[in-house]
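The values are calculated or read from the model by the stated rules, or taken from the named source; none is laboratory data. Everything quoted here is computed from the prediction, not taken from an experiment. Don't worry about glycine lacking a Cβ; one is built from the backbone with ideal geometry, like all the others, and counts go over all protein chains shown.
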Amino acid sequence: MAPRVLAGHLNGNGLRIGVVVSRFNDFICERLLDGALDCLKRHGVADGDILVARVPGALEIPVTARRLALSKRHDAVVALGCVIRGETSHYEQVCSELARGIAAAALESGRPVTFGVVTTETLMQAIERAGAKGGNRGWDAALAALEMVNLFKSLD
Ligand code: INI
């Protein structure tokens, strides 16, 4: 007998999605937000079912994502931001706190919290991942959120 395989579909009809986006490096973050919103709408998520929460920087993303995920008003949360190494001495610290915090928000809430944060060495690399030749990480994270919500529904 073949194994039973479940995979989430990408239909966003009726799903409620929270989006957390940081303002630091907003030139990049706004492109990520555009990509995420475009993805959600194209997959059937209604405008009224999307909440966008703006935060100052990447370090404020985890606690906000956790709050939205625990509120039970959102089926999933999409985290968007941009950390560029450049001259930042605490780049490693910001990135690791961010990744750890986003994972904790998902584990504590049991809801998908997807990672649409661009972490790069240079501004050019960030541009590439925010709608240029490297795609758009905001779009990718939104799509992952839809897939995960629908997977969880089928697991339930
Ligand atoms: N926040 C970012 O989102 N990206 C960065 O590259 C960054 N750097 O370079 O420092 C950054 N720092 C701000 C931080 O996330 C907090 O907002 C700030 O420390 C206030 O808590």
Quiz item: In the set A130, A106, A142, which member is at pLDDT 95 or above, hydrophobic (A, V, I, L, M, F, W, C), touching a helix residue (DSSP H, G or I) at 6+ places or on another chain (Cβ under 8 Å) and more than 15 Å from A65 (Cβ to Cβ)?
Solution: A130
Self-check item: Count of residues meeting criterion [closer than 17 Å to R129 by Cβ, among the basic types (K, R) and surrounded by fewer than 18 Cβ atoms within 10 Å (Cβ to Cβ)] in segment 1-57
Solution: 0
Self-check item: The lone exception for G86 - which of (1) outside any helix (DSSP H, G or I); (2) within 11 Å of the ligand (Cβ to nearest atom); (3) closer than 25 Å to K41 by Cα it fails
Solution: (3)
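Yes or no, residue by residue, for (1) among the polar types (S, T, N, Q); (2) out of contact with any Asp or Glu (no Cβ under 9 Å at 6 or more places or on another chain); (3) modelled with pLDDT of 95 or more:
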position	(1), (2), (3)
S22	yes, no, yes
F27	no, yes, yes
D34	no, yes, yes
L51	no, yes, yes
R66	no, no, yes
A69	no, no, yes
A79	no, yes, yes
Q93	yes, yes, no
Exercise. Please enumerate the residues belonging to segment 113-125 that are among the hydroxyl-bearing types (S, T, Y) and either within 16 Å of the ligand (Cβ to nearest atom) or part of a loop (DSSP other than H, G, I, E, B) (or both).
Key: T119, T120, T122
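To keep it simple, each residue is scored yes or no on (1) under 19 Å from L15 (Cα atoms); (2) within 14 Å of the ligand (Cβ to nearest atom); (3) surrounded by fewer than 21 Cβ atoms within 10 Å (Cβ to Cβ).
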{"site": "L68", "(1), (2), (3)": "yes, no, no"}
{"site": "R73", "(1), (2), (3)": "yes, no, yes"}
{"site": "V78", "(1), (2), (3)": "yes, no, no"}
{"site": "G81", "(1), (2), (3)": "no, yes, no"}
{"site": "Y91", "(1), (2), (3)": "no, yes, yes"}
{"site": "S96", "(1), (2), (3)": "no, yes, yes"}
{"site": "A103", "(1), (2), (3)": "no, no, yes"}
{"site": "R111", "(1), (2), (3)": "yes, no, no"}
Practice problem: Return yes or no: is C29 within 13 Å of the chain's Cα centre (by Cα), within 16 Å of the ligand (Cβ to nearest atom) and part of a helix (DSSP H, G or I)? | Solution: yes
